[in-house]
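Participant: What follows is a structure written as structure tokens; I'll ask about it next.
Rule-based calculations on the coordinates, nothing more; no lab input. Remember, predicted model here, so these are calculated numbers, not experimental data. For neighbour counting, all protein chains shown are included, and Cβ atoms are generated from backbone atoms with ideal geometry for every residue, glycine included.
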Amino acid sequence: MSESAEIKAGQGIRRALPSDVERIVELCRELATYEKAPEEFTLTVEQLHGALFGANPALFAHVAEHDGVVVGCAVWFRTFSTWDGVHGIYLEDLYVTPERRGTGLGFALLVELARECRRNGYSRLQWAVLDWNTPSIQFYEKLGARPQRDWITYRLAGDALGALGAG
């Protein structure tokens, strides 16, 4: 692997703070635009702040900084495997601004999540990637991640979710 967990001076990875929430929302909006679905993005600063820093947080985040500016984020939550009997991490969003890509920050964010797994005895780190996102797929496979081709992800949302819940 040619990537290194060492990142350049002036860059760093850390847990998100309440003061980072507005920037994380901006980065997630940029990601939605990159993924060709900006109209689906409805997250507010208040929602994210409550999820990350409310009474019972179920969402977590790390940020990547360059010269004191947050330029990337990893937003994640714990999962649980009934097969392994332990938690894991589901990476909901990984994003680094276009001008900072290739500097090791995306790699460093994933390294920190892998360390989070090891520290806590979690058995897996998993995520989804759009099938057309070739640069990300190549990056993930270079790290040793492999697609789960035998599983199909389903989503119930909107009217279908409402109908099922109503009856």
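Participant: May I have the extent of the alpha carbons of segment 11-166 along their three principal axes, as whole Å values ordered from largest to smallest?
Facilitator: For segment 11-166, the Cα extents along the three principal axes come out at 50, 35, 34 Å.
Participant: Per the Debye formula with a single identical scatterer at each Cα and no solvent contribution, what log10 I(q)/I(0) holds for segment 76-122 at q = 0.21 Å⁻¹?
Facilitator: At q = 0.21 Å⁻¹ the computed log10 ratios are -0.74.
Participant: So for the pair residue 143, residue 35, with labels modelled 7 Å out along Cα→Cβ, what separation do we get in nm?
Facilitator: The modelled label-to-label distance comes out at 1.5 nm.
Participant: Still on this structure, please answer the following. Normalise the Debye intensity by I(0) for segment 15-72, one equal point scatterer per Cα, no solvent, then take log10 at q = 0.17, 0.20 Å⁻¹ and round to two decimals.
Facilitator: The computed values of log10 I(q)/I(0) come out as -0.57, -0.76.
Participant: Calculate one ³J(HN,Hα) per residue across segment 64-74 by plugging θ = phi - 60° into the Karplus curve 6.51 cos²θ - 1.76 cosθ + 1.60, and present them in order as whole Hz with x for glycine and proline.
Facilitator: Each residue's phi maps through the Karplus curve to give 10, 10, 9, 6, x, 10, 6, 10, x, 8, 10 Hz.
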